[in-house]
Structure formats: C-alpha cells, structure tokens
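Engineer: After the structure tokens below, expect a handful of questions from me.
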Amino acid sequence: MAMIEEPLYPIAVLIDELKNEDIQLRLNSIRRLSTIARALGDERTRKELIPFLSENNDDDDEVLLAMAEELGVFIPYVGGVEYANVLLPPLETLCTVEETCVRDKAVESLCRIGAQMREQDLVEYFIPLVKRLAAGEWFTARVSSCGLFHIAYSSAPETLKTELRTIYSQLCQDDMPMVRRSAATNLGKFAATVEPAHLKTDIMSIFEDLTQDDQDSVRLLAVEGCAALGKLLEPQECVAHILPVIVSFSQDKSWRVRYMVANQLYELCEAVGPEPTRSDLVPSYVRLLRDNEAEVRIAAAGKVTKFCRILNPELSIQHILPCVKELSTDSSQHVRSALASVIMGMAPVLGKDATIEQLLPIFLSLLKDEFPDVRLNIISKLDQVNQVIGIDLLSQSLLPAIVELAEDRHWRVRLAIIEYIPLLASQLGVGFFDDKLGALCMQWLKDKVYSIRDAAANNVKRLAEEFGPEWAMQHIIPQVLDMTNNSHYLYRMTILHAISLLAPVMGPEITCSKLLPVVINASKDRVPNIKFNVAKVLQSLIPIVDQSVVEKTIRPCLVELSEDPDVDVRFFANQALQSSDQVMMST
C-alpha cells in the first residue's frame, strides 16, 4: 500500500471494503463516500468514484439504501450543479431494484437532484431517464418513474409535456397493480405542475380511471387524490368531479376504501367546501358512522367534532347526534375510545342547551365505560365542557362519576385519575377542588398499592405548584404532617417522599419551620428503612435551606445516623454528609 500514491489510496480502500464479505465494513464504506469524494476531488469523483458505484452490484439492501441516501446530497462533491447529471446513472439502477425502501430512497434522491439541475440538463438527461424507467420491462422501474414526473414536467418543452402526460396516463392503466398504485399515490404532485387546461381534461380523465380500478389498493390511494385535486380545481368543478367520487367511495364494496374516506373526511370536506358538505356529504358520513366494519367506525368517530364544525348546530343535532349516541354503546371498545377522545369538542359546537340535554348523558355513559381508555379520554377533555355549561352543572353531573373512578378497584384506573387531578384542579378552580377532591388526594397517600402512593405524593406537589404555597400551607401541609405518626412504616415512608417533593415548592422558610422538624423527628424511628429515607430527604433539603440550618440541625442528625447499627442507614447518612461538604465548599 505504501507504493500507492496518496490520492489513489481512498478509492483503493473503498474498492476493497465494498467487496468485503462483512456487511458492516461495506456499510461504513458507503457512509464515508462524502469523505472519500473530498479526498479525491471533483474530477476524480466524477471519472472514477461514480462509475465504480454505477457498476457496484452489491446485493445487500442496507448497503444499497445507504448508497441511495448518500448520492442525494452528492452534488457539491462532483463539481456543482453543472455536473449533477453524472449522479443519475447509479440512482437509475437503484430505481429498478426489488426492495421498496431502496427504490423510494433513490426516487427521493433523484427528486432532490432534479430540483437543483439546470433546465437544459433536465431536458437532456433527467427527462430521458424518466422515460426509460417508465418503459422499463420490470415493474419496479415503472413504479419508480411515477415519483419523478412532477420534477421533469415543469421544465419540459411543450411537445415533451404532451408525451409525459400520455406516458403517465399509460402508467395509470398498467397491467401491474403496484404501478397503478404508485401512479395514484403521485397523481396529486404531478397534477400540481400541470397547466389548468390540461388538468381539467387529461388529469381528470386519469383520475376517473383510477377511481374505477378493480383493485381496492388502487382505489383507496385515489381517495387521497380527491383531496389533492380538490385544492387545484375551481369550486364548481370540484363539486362536479370530486364530490360524486367521494360519495361513491363512501359506499365502496371494500372496507379499506371506506376506511380511507372516513380517515380523510375533513380534508375531503375542505376540498369541496362547506355548502356541498352540508347538502351532499352528511348522508355519506352518517353511513360511515354506521358502517358494519369497526375500523371504519373508528376512523369516522374520530372525525365527528371536526365534521360538526363544518355543519350548523341544527344539522349536527338532527343527523350526527343520533349516530354518536349509537357509537357510545358500540360493541367495539376502540370505537367508544375514538369517540370519547373527540366528543367533548362537540360541546362548544352544539352550544349550552344541546350539550346539557343531549351530550351530558353520553359523557356519563362513557365515564362509566368498562374500558379504562374510554373513561380517561373523557376526563382529559373536561375543560371543553366546563367552558360551555359552567362548573356548577359539571360538578353535579360528572363529578360523582369521577369520584367513583377515584375509588375504582383496579389500581391502574385510580392511578390514571390521580395523574389527571392537577389538570382537573386547574380546570375547575381552587374552591371547587377543596370541596370535592381534596379529601381524595389525602386518601391516596394511604393506598395499599405503592404506585398509587408514589403518584399521590407527586400529585400533592403538583397541586402546591398549581394553587401556590399559601394554599398548600392551609390545605396540604397539616394533613400530610398528621400522617407521620401512622402505625404502618410504608405510609410513614410515603410522607417522607411527599416532604422531599414539597420542600422546593414551599420555599426555605416553611421547609425550616414545618417540614424539617418532622424529618428530624423521623430519624428516631425504629425502622431502618425510615431512617435511611430520612438521610435521603435531608440530603435533598441541604440546597434549599440556609447554611446555618444545615450546620445546626441537619449535620448533627446525619452524624448520628452515620453511627447507626444498620449498614444501609450508615451508607445513606455518609452520602448525605459528603453532599453537605460539597455544598459548603462551593459556597
């Protein structure tokens, strides 16, 4: 190797590594292509490295994927935009491989390069590449070509534009469903570059062919085309050409196509506009909400609030609400969960009276659902209802159900409720919280399950942050401190944990006067677990309180604990003392 001149060295190593049996070496070599190209310089990269990569017949998809990605950012290493065309041959080869992700990455890189190429280079090199791929014998080339038309079309002269539209039309009628699927997927991007006159004739004719395809996998991709084309057409053309397709798709024999319509419904409504939605799409949407496939109902239920925003309240109450009532007792828990995640947003749309009369009973039934996700989706959005019907009505109707859940026999349900308590507190306000939920928060600190007690301690801290130290001093601290004498050591440990969390929120003054004496007192506990937790808590209090308090109160207690008979207590006490020394040195 020493005999080889220095500039030759990288390419020689690259060739060796790319032929190595070890895939990792080959991958590393490809990922270092930019470094090697810099070492070789522009000219040698164009004349040696790129031709070598074009001939590289690696059969490992990971290596090919990495190569497709690297070549997409290679323009600076071949001498700039005027030489970008040299990158096309290796990427053209990658567009024909069998592995989908390699082809997709090669198409993405070609689009990136094509977007930077000069117009004459696009006509001379890029458009012929697209035509070669589109005429490829193997379907993979034809699939890849569909993703390149939108780059090629805008720079093409008029005669070539006509040819490109014809080729795309042929791809939409290809014998292979995979090619037609790719054409359907990319139709929106291609249509955006086509002139309005041809959009109404050529593109709409292509689109109509795709919507009547015998393969449901092609039709469901045409659903996305509805939204993309709808944005390009004039409103009246949209109603004439796109609306009938949406209505037809909503009754398609394949549930996957109906699912796609339900999933894209809001975008489709935006495409056709509010008036046609109200007059023509409501029956289609009602059909989707009552579909016999659960997946379709899930997708439709998730869009119920967005759809109602387009309609007026009267139409929503008349047509959509009866379906919502049915869905709230649907046999599929996932349908009920999807509904629960959005139904609260209907309250502002329908207004106060309809919410009280029609929606509240549905909220209540979902709050009592046997499936925890359904209940939680309701609790997490209570503020939207609160804004419409007010706190008094909300507390009378929904709060008993929340209190019931807070005492649920499944600990995971109780845990989820605890996590929502600070959110509820901020939504419902301090006065309401004190009356209804304060006692529950204290009750959880004595739960039989550790995860609940731990969450309850965090909950107490978050409430103190929400309502402020003065409120916490009145409503939380006295009750927490009362529990320090509990006969069960596990509950005493929970209180120590709560104190360590509350101290930073309460500030040094309250910590020294109220919390610290309780912790010092607990150091005399007979249970070693309590004592070493005292050491941990004291360590967490050192940065909060004054240095004089550390010297007079905390250190003597820690010194005493460091001489305890129990090895764990001594360990944590010494750790806390070291921490105290470090704080003193830093100050």
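Engineer: Determine the pairs where a residue that is more than 14 Å from residue 423 (Cα to Cα) and assigned to a helix (DSSP H, G or I), located within the stretch 442-462, has a partner that is among the basic types (Lys, Arg) and modelled with pLDDT under 85 with Cβ atoms under 8 Å apart, the partner being 6 or more residues away or on another chain.
Structural biologist: Correct list of pairs: 444/414; 452/414; 453/446.
Engineer: Scan 301, 354 and give me the residue that is in contact (Cβ under 8 Å) with a residue 40 or more places away in the chain and more than 26 Å from the chain's Cα centre (by Cα).
Structural biologist: The unique qualifying residue is 354.
Results for (1) of a type in the set (A, V, I, L, M, F, W, C); (2) farther than 22 Å from residue 257 by Cβ, shown as yes or no for each residue.
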{"position": "293", "(1), (2)": "no, no"}
{"position": "300", "(1), (2)": "yes, no"}
{"position": "303", "(1), (2)": "no, no"}
{"position": "309", "(1), (2)": "no, yes"}
{"position": "312", "(1), (2)": "no, yes"}
{"position": "321", "(1), (2)": "yes, yes"}
{"position": "331", "(1), (2)": "no, yes"}
{"position": "335", "(1), (2)": "yes, no"}
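Engineer: Within the stretch 463-494, can you find the residues that are over 24 Å from residue 426 (Cα atoms), assigned to a helix (DSSP H, G or I) and out of contact with any Phe, Trp or Tyr (no Cβ under 8 Å at 6 or more places or on another chain)?
Structural biologist: Matches in the stretch 463-494: 481, 482, 484, 485, 489, 491, 492, 493, 494.
Engineer: Only one of (1) touching a residue at least 24 places away in the same chain (Cβ under 8 Å); (2) assigned to a helix (DSSP H, G or I); (3) crowded, with 16+ Cβ neighbours inside 10 Å fails for residue 91. Which number is that?
Structural biologist: (1)
Engineer: Still on this structure, I have one more. Let me confirm something: among 163, 108, 124, which residue is at pLDDT 85 or above and either out of contact with any helix residue (DSSP H, G or I) (no Cβ under 6 Å at 6 or more places or on another chain) or not in a helix (DSSP H, G or I) (or both)?
Structural biologist: Going through 163, 108, 124 in turn, the sole match is 108.
Engineer: Please specify each residue of the stretch 111-121 satisfying the condition of being in a loop (DSSP other than H, G, I, E, B) and open to solvent by 80 Å² or more (accessible area, probe 1.4 Å).
Structural biologist: Correct list: 118 only.
Engineer: Name every residue in the stretch 479-534 that is in contact with an Asp or Glu (Cβ under 9 Å, 6 or more places away or on another chain) and small (Gly, Ala, Ser), in order of residue number.
Structural biologist: The one that is in contact with an Asp or Glu (Cβ under 9 Å, 6 or more places away or on another chain) and small (Gly, Ala, Ser): 523.
Engineer: Now for a separate question. If only one of 298, 246 is more than 23 Å from residue 196 (Cβ to Cβ) and touching a Ser or Thr at 6+ places or on another chain (Cβ under 8 Å), which one is it?
Structural biologist: Answer to the check: 298.
Table: residues versus (1) of a type outside the set (Val, Ile, Thr); (2) within 32 Å of the chain's Cα centre (by Cα); (3) open to solvent by less than 20 Å² (accessible area, probe 1.4 Å); (4) modelled with pLDDT under 75.
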site	(1), (2), (3), (4)
399	yes, yes, yes, yes
414	yes, yes, no, no
422	yes, yes, yes, no
427	yes, yes, no, yes
440	yes, no, yes, no
443	yes, no, no, no
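Engineer: Still on this structure: Just one of 288, 265 is under 17 Å from residue 220 (Cβ atoms) and touching a residue at least 40 places away in the same chain (Cβ under 8 Å); which is it?
Structural biologist: None of the other options fit; the residue is 265.
Engineer: Is it true that residue 482 is open to solvent by less than 80 Å² (accessible area, probe 1.4 Å) and of a type in the set (Asp, Glu)?
Structural biologist: It is false that residue 482 is open to solvent by less than 80 Å² (accessible area, probe 1.4 Å) and of a type in the set (Asp, Glu).
Engineer: On the given criteria, is residue 153 within 18 Å of residue 184 (Cα to Cα), open to solvent by less than 20 Å² (accessible area, probe 1.4 Å), touching a Ser or Thr at 6+ places or on another chain (Cβ under 6 Å) and of a type outside the set (A, V, I, L, M)?
Structural biologist: In short, yes.
Engineer: A further question follows. Quick check on my filter: what residues within the stretch 132-150 are surrounded by fewer than 21 Cβ atoms within 10 Å (Cβ to Cβ) and in a loop (DSSP other than H, G, I, E, B)?
Structural biologist: 135, 136, 137, 138
Engineer: A follow-up question, please. Let me confirm something: among 68, 84, which residue is farther than 17 Å from residue 141 by Cβ and either modelled with pLDDT under 85 or buried (at least 17 other Cβ atoms within 10 Å of the Cβ) (or both)?
Structural biologist: Criteria check complete, one pass: 84.
Engineer: For the stretch 187-214, give me each residue that is open to solvent by 70 Å² or more (accessible area, probe 1.4 Å) and in contact with a helix residue (DSSP H, G or I) (Cβ under 6 Å, 6 or more places away or on another chain).
Structural biologist: 189
Engineer: Out of curiosity, is residue 235 touching a Gly at 6+ places or on another chain (Cβ under 6 Å) and either at positive phi or open to solvent by 10 Å² or more (accessible area, probe 1.4 Å) (or both)?
Structural biologist: Yes.
Engineer: Please verify whether the stretch 96-103 includes one or more residues that are modelled with pLDDT of 80 or more, under 16 Å from residue 186 (Cα atoms), among the aliphatic types (A, V, I, L, M) and in contact with a Leu (Cβ under 7 Å, 6 or more places away or on another chain).
Structural biologist: no
Engineer: From the residues in the stretch 364-383 that are open to solvent by less than 50 Å² (accessible area, probe 1.4 Å) and in a loop (DSSP other than H, G, I, E, B), which one is modelled with the highest pLDDT?
Structural biologist: Among those that are open to solvent by less than 50 Å² (accessible area, probe 1.4 Å) and in a loop (DSSP other than H, G, I, E, B), it is 371.
Engineer: Provide a single number: the residues in the stretch 156-186 that are under 30 Å from the mean Cα position of the chain (by Cα), open to solvent by 40 Å² or more (accessible area, probe 1.4 Å) and among the aliphatic types (A, V, I, L, M).
Structural biologist: So the answer is 1.
The values are calculated or read from the model by the stated rules, or taken from the named source; none is laboratory data. Remember, predicted model here, so these are calculated numbers, not experimental data. Every residue, glycine among them, receives a Cβ derived from its backbone with ideal geometry; neighbour counts consider all protein chains shown. Accessible surface is based on the protein model in full, side chains and every heavy atom, while ligands, DNA and RNA are left aside. Shrake-Rupley method; radii C 1.70, N 1.55, O 1.52, S 1.80 Å.
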